[in-house]
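Participant: The following block contains the structure, expressed as structure tokens.
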Amino acid sequence: MKRVASMINPSITTNHTAVHGTWTAEVTRLQASLGRITAQRESNNPCLVSFFEVPSDRDLHVNVIHRRETVSVKGWSGPAAVPDGFVLNRRFRTRAGILEHVREVLFAEPA
């Protein structure tokens, strides 16, 4: 299992835990795109975007953990309280639309 972390800007950090590597190139592209998006519009609710794979399936799993609670976002589970804040999570089977879905959660309204 390989884990790579990166800081996009002071308010957004990402990491990727690869099990079988199916999503590595896509996650690298997503991280670069998130950097461009957040350079134009910074989040006022610091967060961690965690991309990960699990051994039992080939989906890309995504957790977005904000320090402060946000409203729920259609298609995502949560928010749920975790030690570092509040998490929304979702899994993706295809690459289509992932960036737009993650961006929607990054800038979700406060609860």
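None of the figures in this text is laboratory data; all of them are computed from the coordinates on show. Bear in mind that the values here come from a model prediction, so they are computed numbers and not experimental data. Quick reminder, even Gly has a Cβ in these numbers, built from the backbone with ideal geometry, and neighbours come from all protein chains shown.
Participant: Report Rg (one decimal) and Dmax (nearest whole number) for the range 2-106, counting Cα atoms only, units Å.
Facilitator: Rg and Dmax of the range 2-106, Cα atoms, are 12.8, 37 Å.
Participant: Based solely on its DSSP helices, what 222 nm [θ] is calculated for the chain when runs of n ≥ 4 H residues each add -39,500 (n - 2.57) and the sum is averaged over all residues, nearest 500 deg cm²/dmol?
Facilitator: Rounded to the nearest 500, it is -7500 deg cm²/dmol.
Participant: Let me ask something else about it. Dipole magnitude of the chain about its Cα centre, charges +1 at Lys/Arg Cβ and -1 at Asp/Glu Cβ only, in debye to the nearest 20?
Facilitator: 220 debye
Participant: Against the longest alpha carbon principal axis of the chain, how many degrees, from 0 to 90 and to the nearest 10, is the axis of helix 24-40 turned?
Facilitator: 20 degrees
Participant: Once label points are set 7 Å from the Cα along Cα→Cβ at both SER56 and GLU109, what is their separation, rounded to one decimal in nm?
Facilitator: 3.6 nm
Participant: Another one. What shape does the range 52-92 have by the C-alpha gyration tensor, where a ≥ b ≥ c are the square roots of the eigenvalues, rounded means a/c under 1.5, and otherwise prolate means a/b greater than b/c and oblate the rest?
Facilitator: Oblate, since a/c reaches 1.5 and b/c is not below a/b.
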